[in-house]
1. Which three numbers, in whole Å and largest first, are the semi-axes of the equivalent ellipsoid of the range 94-153 derived from its Cα gyration tensor as √(5λ)?
2. Calculate one ³J(HN,Hα) per residue across the range 256-270 by plugging θ = phi - 60° into the Karplus curve 6.51 cos²θ - 1.76 cosθ + 1.60, and present them in order as whole Hz with x for glycine and proline.
3. How many percent of Cα pairs in the range 117-275 exceed 19 Å?
4. What percent does the relative contact order of the range 41-164 come to when contacts are Cα pairs within less than 8 Å and at least six residues apart?
5. Relative to the longest principal Cα axis of the chain, at what angle does helix 319-332 sit, 0 to 90 degrees, rounded to 10?
6. Rounded, prolate or oblate: which fits the range 16-61 when a ≥ b ≥ c are the square roots of the eigenvalues of the alpha-carbon gyration tensor, with rounded for a/c under 1.5 and prolate only if a/b beats b/c?
7. Pop out the ³J(HN,Hα) list for the range 271-280 in order, Karplus 6.51 cos²θ - 1.76 cosθ + 1.60 with θ = phi - 60°, rounded to Hz; leave Gly and Pro as x.
8. Show me, for the range 162-167, the HN-Hα J-couplings you get by feeding each phi into the Karplus relation (A = 6.51, B = -1.76, C = 1.60, θ = phi - 60°), rounded to Hz, glycine and proline as x.
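The values are calculated or read from the model by the stated rules, or taken from the named source; none is laboratory data. Predicted, not measured: the structure shown is a model, and the values here were computed from it. FYI the Cβ positions are ideal-geometry reconstructions off the backbone, even for glycines, and counts take in every protein chain you see. Note: areas computed on protein heavy atoms with side chains; ligands, DNA, RNA excluded. Shrake-Rupley method; radii C 1.70, N 1.55, O 1.52, S 1.80 Å.
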Amino acid sequence: MPKILLAGGAGYIGSHTAVELLNTGYEVIVADNYSNSSSEAIRRVELLTSKSVKLYQADVRDKKALSEIFSGNKIDAVIHFAGLKAVGESVEKPIMYYRNNIDTTLSLLETMQEYGVKNIIFSSSATVYGEANPVPYLETMKRGACTNPYGWTKSMMEQIFEDAAKADKKLSVILLRYFNPIGAHESGMIGEAPQGIPNNLMPYVTQVAVGKRECLTIFGNDYPTPDGTCTRDYIHVVDLAKGHVKAIEYILDNHCMEIFNLGTGTPYSVTEIVETFERVNNVKVNHVYGARRAGDLAECYANADKALKVLGWKTEKTLEDMCRDSWNWQKNNPDGYI
Ligand code: NAD
Ligand code: UFG
């Protein structure tokens, strides 16, 4: 079976993707520096699948470390998850974000070229659509102006991949634009383990529900949306992981430079998330309505038709599943991977 290198594969989306790839029969190699994860996630992936993962503790910017991985394994395709992703932190430390995110991409592309590896799938984000495009977002829309350095790193890396594919006729690239991944594997063994105060909605909700934090602040209820709170396209991380398996199948069979939205196409508001979480799990989530958060868009959701048409992929899980599985993970692992 083909060997897939997951750069940043010990993280939230990478670990779930590892499970789906292993269950489909692929061999998985992970390279991660654990800057936002731990090897425990991969140990649990192995437990869940009864398969083994070849694990390298490595900084993906480090070409010497990459050379060792590429020379020791015949890699068929790379999925590039490695990156820093906290929007607020990227505003405080833009240079660190540009250095880490862009260098990981350049080192991977250079090493792939050296070892003749021709397939790469990149974790991009809906954030590249920027502020000006109307929802639902379509892959054919132009990338917009981003509101923070994190978003710009994604936009710039998309450009780097497009230019690299134009210049190297044998290089195949798939850019996956994720919407808002939440949820966890239904076993409760792997999930999202943010360090410190969570930036994102669902980890904050689960930490309030479990009593680690007192109260969720819902950022703004005066947006031009049905209930005044922002809407997003929340996608179950296992559906997202299965999208990567489809993308791997496609890239191994087709020479391509393609972009796919990975979302459900259905927006839900912050209030709907909180209410659904409380109802499905029968727990209380203390919350108050506060000021808007700088940089937030009122609405963000995908047109997900292309992924269905070309990859034969669509989401299967409901918002209830997402809320149930997020809570199951949090309850079983109140302090993450320890
Ligand atoms: P994550 O932080 O859990 O995973 C990223 C992994 O990359 C971590 O394990 C981290 O240790 C590793 N990493 C970072 N820099 C590295 C380096 N220089 N060398 C080696 N490893 C490095 O985040 P995630 O939610 O799993 O996201 C995966 C990818 O998807 C990221 O690129 C992220 O920007 C992108 N993305 C995430 C979301 C989201 O909401 N979670 C949305 C859109 C895009
Ligand atoms: N929210 C709250 N309170 C909180 C946290 C979030 O009300 O404590 C609200 C936000 O204002 C927003 C919604 O919940 O309306 C979702 O916020 P997240 O921070 O969970 O997600 P974003 O849509 O802001 O950003 C996410 C990822 C980015 C990615 C973007 C687009 O964090 O990496 O989706 O894909 F770029």
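1. 26, 17, 6
2. Rounded to whole hertz, the list is 8, 9, 10, 10, 10, 6, 10, x, 8, x, 10, x, 10, 8, 4.
3. 63
4. Contact order relative to length: 27 percent.
5. 80
6. prolate
7. With coefficients 6.51, -1.76 and 1.60, one gets 4, 4, 5, 5, 5, 5, 4, 5, 5, 5 Hz.
8. Result, rounded to whole Hz: 5, 5, 5, 6, 5, 7.
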